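**Student:** First the structure, which I've put down as structure tokens, then a few questions once you've had a look.
Here, each number is a calculation from the coordinates, and none is a lab measurement. Fair warning: this is a prediction, and the values are worked out from it, not measured in the lab. Note that we place each Cβ from the backbone using ideal geometry, even for glycine, and neighbour counts take in every protein chain shown.
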Amino acid sequence: MTKLVLFLGSQKRFPQFLFRKFGITFLFGILSISSVLAQQLEIKGNVLEEESKIAIIGATIRIKGQKTGTVSNAQGNFQLKIKSFPATLIVSSVGFRSQELEFYEATEPITVYLTDDQNRLSSLVVVGYGTQKRSDLTGSVASVQVSQLKDAAPTSFVDALQGLVSGVQVTSTSGAPGATSIVRIRGGNSITGGNDPLYVIDGFPIYNDNKAGDAGSATATVGTASGLNPLSSINPGDIESIDILKDASATAIYGSRGANGVVIITTKKGKAGKSIVSYDGSFGTQTLSHKIDLLNAQQWATYYNDAQGKAVFTQDQINSYATNSTDWQNAAFRTAATQNHQITFSGGNEKTQFSSSLGYLGQDGIVINTDFKRYTGRISVNSKLSTNFNVGLNLNESYSTSNAATTGNITAILYMPPVIPVYDANGVYTLYNNYNTSGSGNPIAYLNTVTNQSNLQRTLGSAFGEYEIIKGLKAKVLIGADLLTNRQYSYIPKPLYESISSGGSASLRDKFTTNWLNENTLSYSTTINKLHNIDLLGGFTQQKSETTGNVSNSTGFANDATEYYDLASASTPTVASSYSGWTLESFLGRLNYNYDHKYFLSASFRADGSSRLGANNKWGYFPSASFGWQLDKEAFFKNIANSIKLSNSKLRLSYGRTGNSEIDPYQSLSLLSSNLYPNGSTSTNTGFSPISIKNENLKWETTDQYDAGIDLAFFNQRIKFTADFYYKRTHDLLISKYVPYSSGFPVSLQNIGEVENKGFELALNTENIKGKFNWTTNATFSVNRNKVLSLGGVDQIIIGGSTQVGNIIMVGKPLGAFYGLKTDGLYTAANLPTDLSTTILASGTAVGDIKYKDLNGDGKITTAADQTIIGNAQPKFIFGLTNTFNYQNFDLSVFVQGSYGNQIYSYILRQLQTPNGFNNSIVGFADHYTATNTTAQYERANTAINNSTNSDLYVYDGSYVRLKTVTLGYTLPKNILTKIKASNIRLYVSGQNLLTVSKYLGFDPDVNSYSQDASRQGVDLGSYPTAKSITGGVNITF
Amino acid sequence: MKKLIYILILTTTIVSCVSLEEDPRSKISSENFYKTESDASAAVTAVYSKLTHNYTSVAYGLNNSGFPFLNRTPEITYGSASDDYVTGPSAPDPDFRANCGLYTNSSNAKVLELWRQNWEIINDANIAIYHIPKITGDTATLNNYVREAKFLRALGYFYAVRLWGKIPLLTTPTESLSDNLTPAQADTSAIYAQIIKDFTDATALPNKRNTYHATSGAAHAFLLKVALTRRDWNEVVKQYNIINGLGLYAVSANYKDIFDPSKKDKEEHIFDAYFLADNTTGGLGNTNLMAKDNPPPYGYVKNGVKVNVKGGENPTANVTIRQYFKPNDQRTSFTFIDSVKATSTATTYIVSAHYNKWNPITWTPSLTSFQNSGVNIPVIRYAEVVLSYVEAQNELNNKAEAVTVFNNFRAKRSVTGKPLPKIISSVDKDNFRDSIFLERRIDFASENSVRWFDLVRQNGSGTSLIYKAIPQLIDPVLGNPTDYWCQTKAANFALSLAKNPKKFLLWPIPLTELQANPNLVQNPGWE
């Protein structure tokens, strides 16, 4: 018995999942001995998982107040001697909520149902290179309730994180199928480096670079088609748990990649016991969640006449448009079907457990001729080869294929004047918008006839061996690979407007990324004098990534027959190829110590060597330390705690340093580029000269983060509350800086500048009603304030480029600030200046034009002197609220999520407010200034004034509240299940994005068109809109 | 313990299988270049390429790809400030207008780009000069590459010293941030000494013309031009005699031939910025942007199709120069276009005078674009050698020789039967000087390397910039003054002369550069 007790005690210091999976055999050995000794009163029973009614193996059954106990066997059965009655049995298992049962006499064998401990307070949390009991944590780690992922059937788990975790901001870049959202944990640290968290999938660290899913751009396309987000290749149905490491004490073990937080994803593992086959399937429909209100044909024709200053459309024509208006949005958007199927097969015995699945997701896009299909296969095997040697294998395979719309298609749908029909009188597509001097093609023709396909294959696999050298000391070697293959095809047929000058345009692009990982760790775990619990970890890891790509474009085809299959037949084929690679070597170490689970200390250290940095600074060093204090374990506090029904109270404090080196490779080198010079009159010579200046000192962006947190629980864990306050300061930002031109170079990437993020985040879980009717509430609330502290000598960096969208980086302001002129209504006869050269609109300015504010008071309105901060993409706070109800066999969950105080710079709405009448406009433009409508809201229509200035007119309130998910489920009663020999069947119907409350006039306030570019946040370029959807599905387990 | 040892062995074998050294593969890094003769050739070719192509701007998204160093940059910086140009009627670029209107300042983005390109050429030449001698190969070939690089470095410094006066004098390459990025300015005498040394070294190059390559004759021609700039008249005469002694050069009998892409490297050519007609539009390779820039304002009508709707931001020729062109001067009809004709309607549109010199349609009538004509831009040609010699002899009071050579030159430029009037030998020295400068102005019109620098040195004393007159332009159709920017040019010039006669003798050192390099001092008048 002493052995058993000792082992149970050690459960707390062993990495728990290892214990669960591999400690079982050992336990049974001991148990069988101890059961022979059983001669006293006995309780027999069976432990089952409540929902699936599957046996729980290895559940601990002990008597309250005593150290006596046992564990359930492979069938979930147990027997336990009792010295005397009454006795209170505590039944617990990792990942389940403990149950207390009182016995006054020996009874018949009992059945104990354990439910998933959704809040997982005492359960295991996956942290870097190991697991920890949540109660032992000193860092800030949030765990996502994966059950919430299941019914929403998202394309990617990333989308489902929105609002579920405090401190985590998720914004949508595009609603296109296969595109996914971006994640910011506690704000963005970096300006030009990456801001995305590190994803660790089954121990494999992946920095999600959208470029890996986008092999390059084709010629003659209309805008860009967003590539596939590599994270969409992970099937959310395969995910067992998601843990998000937020503070530096948790992330510093990931060193140079930890500054933006870490998202740890663990896929499903098999459990010993009965083999389980389950099927999850759903069908759904999606529709456009919000249409943009535009002028109809009559309104537009009237507007066009006003802009032209003459009656281009006669009144008869305008009248005829009453019944003859093209709604291009109706033509382009559709009700799209989705379906999702997954079969999971898992099981195993004490030695070997496995889990495998096959999945299919078919999702039509709400824009015609767009879709996303994903095929996934997964296998996970763990095996105990001998008493002290475990091996395991995880393999995730996926193939996704997507037909994409380009950004230009979406905007063209909005721009096309409603007087133009989709088809002309002969039934062929109208060619283009002939009212626009620069022309734009028929987007419906484009969407229907252009091929624009992207395929992504991903193999993510890892294998490990773990050997227990002496008791508590384990050596583990892991080898993994992440292989990504992206192939894109496109063909634009000759008859299209976009192909007129090119004569047919084909493109074939490939990108191959291989990413190899090797991790070697030693861990040691021990308890000294039953009070000092010590965990030690040390290791060496190395990772290598290589990407090769090629792009072949061809234009000028004789006909459309061969599309992209015969690029050589076109008149101008062009080819390009590329290579890039990086390596990372790391040494890591961690100490977790606690004294009687009352005082906690954790310290970690990582040294990272990155190929991407300068020769003098390849290595960076990232330490962290944190402290925890379980206040309620103190004698002096016990009475207070009892009196206020406080069942858990823990204080946490941490500091850590993390890094970021997400820059393209080779930036510290002096690279040469080729340039040509004519050699005579027919050929050219190739020269090579340096294009970049060497920076041997290029180093890490470094973030120092401080975190103070408190975990509280009341009423026997029925109310749980977590609050964290943090301060992050990032220095040595990687920014391109002007160097003196006398060097021969314009700029170089240097470590300059500082950014800070500070904020707090709250999470509240309550069980409001418990019993036959259950009601639980989970709430998250996050506040982050971001500020640029320094830009290395300059005050501001105005972000320019092909599309001026008004972003600025300014010292003292947050990243994502908008910059432009302020407006002050329209010019009236009274305030129109006599000297028109003082207005920014210059000659031709008239009454009814936009009046800008002269902020510096010099009597002139200029972009140089009168621009100011006109908005900010950063929200004041974000929140999520989930209410879950259970009554008998019904379950209902309602999830509301939102953002407050952020603004959107809507480039698309700016384009739809161009007063020249070349394109369609927002419906508000019907109320524009004319001689007879002098109190109009909008400026006068005219073709002369080129009003393309960034101003506050296009900054919109981006606050919203969204009914993100509502799910109603029904689990079939047991008597029916028994008849059909199923262990569980649940039917559900779920709705996503059903209702959004927002003042924003664009498609969706949850928008971030520039995706991973931190300097251009909160801009709406007119991305593929998000959908609302209704899904019905079934979960069946045999 | 045995197994522990196995594991440790396994671990250590896996250790260090990745390297932290970067291997770019698809790009060449400076570490693995400059090893062979062909690398040496490429290093020098790159410097030539920078004269006409603007790769760095494109790579860094500076949005300045439209004007390389000797291709269009002069036209929108110091060239437009000369009296060769006023901006087109609707030039939208404020920096361009400021240069043309003579109210520019040290924040001018176009001047900054000119400065940047100048230094890129100097640094690239320094890189070649530094690395090539370390290559093992045919010494004679490699030495010539170094000489060509020295020629180009001297060319770069010659432009820079004339534009900005005191500038840093760098003769070793800057390749790393750990090199000195904030050099101080050197005296112009030291800079000229380096220029003369480099050009002198380059005179050891072969004489024979070899497409774009610098030759011994080109080096001598620039030594002559340096001497002219420094008013070292005897040196001008000396270099003129050396150049004539080579027996390679002559004034072209047909002025048009100088620009004919099918007649490159003929008698009048000494050193050209090279282009290639490749029938493509745009791109980084071979666009003579001067050709793109000088279409008439009301649309170049060809086959009934207007090729270019407006003059846009393009510079137009100043009418004052148009009036100096005599009908019996063979340069007149080639240099200007005064009217365009719509072939479909046979309507003739009278336009204000525009430069026709670079018009590719002259040579390739099938073109529908003004680009890629393959017309070279002369950097120095024999006519300049001749006129410099005339100027030197006039200054040395050898008037007879000066007049003879000058009249011979004029005879070549005349249309047969109606020759241009001869200068008589009794002409007064100052008037003759004016005639020489006018002749230069006519012959080198819109060849940007000439007129601005002539304006700076015209009065000889170097105390102020000389404009003779900047009159209004009259719209040939409407009869109204159209040259809004020309008016400001005249007004601003008068203003700046009154305030600071030295202003514009040197251009401002760009503000960005002053901020990045605290060791620099701004030029007088621009503080």
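**Student:** Per residue of B:180-193, count partner chain C-beta atoms within 10 Å of its C-beta, then hand back the mean as an integer.
**Tutor:** Numbers: counts 3, 8, 4, 3, 0, 1, 0, 0, 0, 0, 0, 0, 0, 0.
Taking the mean over all residues of the peptide, I get 1.
**Student:** Just to confirm the number: angle between the C-alpha axis of helix A:297-308 and the first principal axis of chain A, 0 to 90 degrees, nearest 10?
**Tutor:** Between the helix axis and the principal axis of chain A, the angle is about 50 degrees.
**Student:** Hey, another quick one. Under the classification rounded if a/c is under 1.5, otherwise prolate if a/b is larger than b/c and oblate if not, where does the range A:227-339 fall, given a ≥ b ≥ c as square roots of the Cα gyration tensor eigenvalues?
**Tutor:** On the way: a/c = 6.43, a/b = 2.29, b/c = 2.81.
In terms of gyration-tensor shape, oblate.
**Student:** May I ask for the Kirkwood hydrodynamic radius of the range A:830-879, worked out over all distinct Cα pairs and given in angstroms to one decimal? Don't skip to the answer; put the middle values down first.
**Tutor:** On the way: mean 1/r = 0.0775 Å⁻¹.
For the range A:830-879, the Kirkwood estimate is 12.9 Å.
**Student:** Per 10 Å bin, what percent of the C-alpha pairs of the protein assembly as shown does each bin hold, from zero upward?
**Tutor:** Reading the bins upward from 0: 1, 7, 13, 17, 17, 14, 11, 8, 5, 3, 2, 1, 0, 0, 0.
**Student:** Cut-off under 18 Å on the C-alpha distance; same-chain residues fewer than 8 positions from residue A:83 excluded. Which aspartates and glutamates are left, in chain and number order?
**Tutor:** A:42, A:100, A:102, A:105, A:108
**Student:** Report, in cubic angstrom per residue, the convex hull volume of the C-alpha atoms of the range A:693-845.
**Tutor:** Values: hull volume 40.4 nm³, N = 153.
It comes to 264 Å³ per residue, whole-number rounded.
**Student:** Sticking with this one: Among the listed pairs A:44/A:974; B:110/B:499; A:274/A:770; B:264/B:503; B:150/B:422, which have their C-alpha atoms separated by more than 29 angstrom in this model?
**Tutor:** Numbers: A:44/A:974 23 Å; B:110/B:499 24 Å; A:274/A:770 31 Å; B:264/B:503 39 Å; B:150/B:422 41 Å.
Exceeds cut-off: A:274/A:770; B:264/B:503; B:150/B:422.
**Student:** Taking the beta-carbon count within 10 Å as an exposure proxy, list A:413, A:719 from fewest neighbours to most.
**Tutor:** The fewest-first ordering by Cβ neighbours comes to A:719, A:413.
**Student:** Lysines within cross-link reach of residue A:813: Cα-Cα under 28 Å, excluding same-chain residues under 8 positions apart?
**Tutor:** A:246, A:699, A:728, A:737, A:758, A:787, A:822, A:851, A:853, A:860, A:876, A:999
**Student:** Using every Cα-Cα pair within the range A:533-598, state what percent have a distance larger than 16 Å. Provide the component values of the computation, followed by the final result.
**Tutor:** Values: 1517 of 2145 pairs.
So the portion of pairs separated by more than 16 Å is 71 percent.
**Student:** Let me ask another. What share of Cα pairs, in percent, lie more than 18 angstrom apart in the range A:536-684? If you can, show how the numbers build up before the last one.
**Tutor:** Values: 8437 of 11026 pairs.
Here the tail beyond 18 Å accounts for 77 percent of pairs.
**Student:** Could you tell me which chymotrypsin sites (Phe, Trp or Tyr not before Pro) in the range B:83-180 are loop residues by DSSP with no more than 11 other beta carbons within 10 angstrom of their beta carbon? Don't skip to the answer; put the middle values down first.
**Tutor:** Values: sites: B:85, B:96, B:103, B:115, B:119, B:130, B:145, B:151, B:157, B:158, B:159, B:164; in loops: B:103.
Of the chymotrypsin sites (Phe, Trp or Tyr not before Pro), not one in the loops of the range B:83-180 has a Cβ with at most 11 other Cβ atoms within 10 Å.
**Student:** What's the average, rounded to a whole number, of partner chain beta-carbon atoms within 10 Å of each residue's beta-carbon in B:115-125?
**Tutor:** Counting Cβ atoms of other protein chains within 10 Å of each residue's Cβ and averaging gives 4.
**Student:** When the Debye formula is applied to the Cα atoms of the range A:342-386, each taken as the same point scatterer, what base-10 log of I(q)/I(0) results at q = 0.18 Å⁻¹?
**Tutor:** -0.63
**Student:** Okay, moving on. Quick check on the exposure proxy: order A:72, A:736 from fewest to most C-beta atoms within 10 angstrom.
**Tutor:** The order, fewest Cβ neighbours first, is A:736, A:72.
**Student:** Can you work out the base-10 log of I(q)/I(0) for the range A:887-949 at q = 0.26 1/Å, using the Debye formula on its C-alpha atoms alone?
**Tutor:** Taken in order of the listed q values, log10 I(q)/I(0) reads -1.14.
**Student:** Cα axis of helix A:24-37 to longest principal axis of chain A: angle in degrees, 0 to 90, nearest 10?
**Tutor:** That helix lies at roughly 20 degrees to the long axis.
**Student:** Can you give the mean number of other chain Cβ atoms that lie within 10 Å of the Cβ atoms in peptide A:744-753? Working shown, then result.
**Tutor:** Numbers: counts 18, 10, 13, 4, 3, 1, 1, 0, 0, 0.
Mean inter-chain Cβ contacts per residue within 10 Å come to 5.
**Student:** If you don't mind, another one. Which lysines have a Cα less than 24 Å from the Cα of residue A:638, not counting those fewer than 8 places away in the same chain?
**Tutor:** Within reach: A:12, A:64, A:67, A:133, A:530, A:598, A:650, A:720.
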